[in-house]
1. Take the residues in the range 117-143 that are more than 23 Å from residue 79 (Cα to Cα) and in contact with a helix residue (DSSP H, G or I) (Cβ under 8 Å, 6 or more places away or on another chain); name whichever of them is surrounded by the fewest Cβ atoms within 10 Å (Cβ to Cβ).
2. Yes or no: residue 155 at negative phi and exposed (fewer than 15 other Cβ atoms within 10 Å of the Cβ)?
3. In the range 211-227, what residues are more than 27 Å from residue 98 (Cβ to Cβ) and in contact (Cβ under 8 Å) with a residue 40 or more places away in the chain?
4. Has the range 19-33 got at least one residue that is surrounded by fewer than 19 Cβ atoms within 10 Å (Cβ to Cβ) and farther than 27 Å from residue 188 by Cα?
5. Which residues, taken from the range 199-210, are surrounded by fewer than 19 Cβ atoms within 10 Å (Cβ to Cβ) and touching a strand residue (DSSP E or B) at 6+ places or on another chain (Cβ under 8 Å)?
6. Would you confirm whether any residue within the range 2-20 is modelled with pLDDT of 95 or more and out of contact with any strand residue (DSSP E or B) (no Cβ under 7 Å at 6 or more places or on another chain)?
7. Going through the range 159-171 one residue at a time, which ones are closer than 19 Å to residue 203 by Cα and either over 14 Å from the mean Cα position of the chain (by Cα) or free of Cβ contacts under 8 Å to residues at least 60 places away in the same chain (or both)?
8. Are any residues in the range 211-241 under 21 Å from the mean Cα position of the chain (by Cα), farther than 24 Å from residue 178 by Cβ and surrounded by fewer than 20 Cβ atoms within 10 Å (Cβ to Cβ), and if so, which ones?
């Protein structure tokens, strides 16, 4: 699986900057793990199924956003979502719908950030600072963005700002979205690497376990194996680099 070129850190990564960044949180992927702690992944770059642990590199972007985002607001969004999926028996009326929406869009935006072409942002007025690589990494480690003399705003810093701005815009409309739980009567769900929203007619949904998925703007309900099959086909069609599940044998396609 190839990704756009990324800005590498110094040898031995002295400031412990995040390089491998999960698109979909490892905690969420782990819900689909088998007894060996691995999930079945169809890697589209080699057109074959492989077994991978939730922390595997295939699930990660390479430095597609900055340290401030990775260790700051993204963790807050993830933690709130984990609380929801770890307590799926919470009644619909008490469910933290906005926490689900924030995570859905974070996941989607991180996937888009992984796949987009990477270009630094340059300015015409000559502003910027002359900083060594070490100085740049120290600033990033401490939560700062910066503009380089002749280098502009580095792509992963700009991408982090873009993700946060987009999430803020989306937040204004999130109150209208309510998430019901689909429970598979038979069969299990597949999961795309992310759902970009470009598949016509597909409502936002999030498989959260082999037998459960959040689906936007419905109430909780059980669904048939035929409906599971339709959603699995949508996940395959939505996927960019891979899709995964607990066991392909249990996933209707």
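1. Among those that are more than 23 Å from residue 79 (Cα to Cα) and in contact with a helix residue (DSSP H, G or I) (Cβ under 8 Å, 6 or more places away or on another chain), it is 119.
2. The answer is no for residue 155.
3. Within the range 211-227, just 225 meets the criteria.
4. yes
5. 203, 204, listed by residue number.
6. no
7. Correct list: 170, 171.
8. The answer is 233, 236, 237, 240.
The values are calculated or read from the model by the stated rules, or taken from the named source; none is laboratory data. This structure is a prediction, so every number in the text was calculated from the model and none was measured. Note that each Cβ is placed from the backbone with ideal geometry, even for glycine, and that neighbours are counted across all protein chains shown.
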